[in-house]
Amino acid sequence: MTFRSVAIEDNGFCYRSFRSSGISKRPCIFFDRDGVLIVDSGYIGNPQSVILTEGCKLAVSAVRESRYASAIVTNQSGIGRGYYSWSDFEAVQKELSHHVGSDAFDAVYACGYHERRDVVPMTSHSWRKPNPGMLLAAATDLDLDMRNSWIIGDRYTDLLAGARAGLAGGFILGSPLKREISQEFGSLFPQFKVSCEPDVYRACLRIIKSF
């Protein structure tokens, strides 16, 4: 299978690329990119800046061999700020694929909006996390089982996007989960399980083996 033609939508600020497996209602593991799959060095628009995070290759391999679909959902405000182009973004994606395999992800979604009114007049966009638009687009494109899907991120906004999309839960990577985050999600989204792991591979294993 190969990716369908890439679509750059909504005045050039939304990027969508996906392939269909022909399998309906698969659960999905959604990945934030920078800080989860790639070391976040800030506004990554150069493929030479791509450094994989600890456990990235193992995580991608584990998901590929599981029943889960996989999708990248990433905010890329560097597009809207004019720091790099979609061609640069694709070059970074190509470098990531070079390391983990061209068939590693069933879909890639990116939103280039950001909050600076002097550059882009819209301060919020349905695709920009913590809004769930990218995840909901994937649900339609890939015909996903969202109630049994998960998101792995490194920020509160990743978890919030997953909760708003109706996912089963999410993992935040890095330091131990703060009690207030768990309490907030427990009150607002009681169906959404929140946990923490030090790296993306361990998070994937917990999803695949335990949930």
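The values are calculated or read from the model by the stated rules, or taken from the named source; none is laboratory data. No experiment lies behind these values; they were computed from the predicted model shown. No Cβ is skipped: glycine too gets one built from the backbone with ideal geometry, and neighbour counts run over all protein chains shown. We work out accessible area using only protein heavy atoms, side chains counted, and drop any ligands, DNA or RNA first. Shrake-Rupley method; radii C 1.70, N 1.55, O 1.52, S 1.80 Å.
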Among [x] 15; [y] 32; [z] 21, the entry matching percent of Cα pairs over 30 Å apart as calculated here is [x]
Per residue value of the accessible surface for the chain (all protein chains in place, 1.4 Å probe), Å²: 47
At a Förster radius of 30 Å, what calculated FRET efficiency corresponds to the Cβ-Cβ distance of residue 143 and residue 209, to the nearest 0.05? 0.75
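Give me the extension gain from residue 58 to residue 99: residue separation times 0.36 nm, minus the current Cα-Cα distance, reported in nm with one decimal. Write out the running numbers ahead of the final one.
Working: separation 41, 0.36 × 41 = 14.76 nm, distance 1.12 nm.
Using 0.36 nm per residue and subtracting the Cα-Cα distance, I get 13.6 nm.
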How much solvent-accessible surface does residue 193 expose, in Å² to the nearest 10, with a 1.4 Å probe and all protein chains in place? 110
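Within the chain, what is the number of lysine pairs with alpha carbons under 22 Å apart, leaving out pairs fewer than eight places apart on the same chain?
Values: 25/193; 25/209; 57/94; 57/209; 129/178; 129/193; 178/193; 193/209.
Value for the chain: 8.
Apply 1/(1 + (r/R0)^6) to the Cβ-Cβ distance of residue 48 and residue 184, taking R0 = 41 Å, and write down the FRET efficiency to the nearest 0.05.
Numbers: r = 39 Å, r/R0 = 0.94.
The computed FRET efficiency comes out at 0.60.
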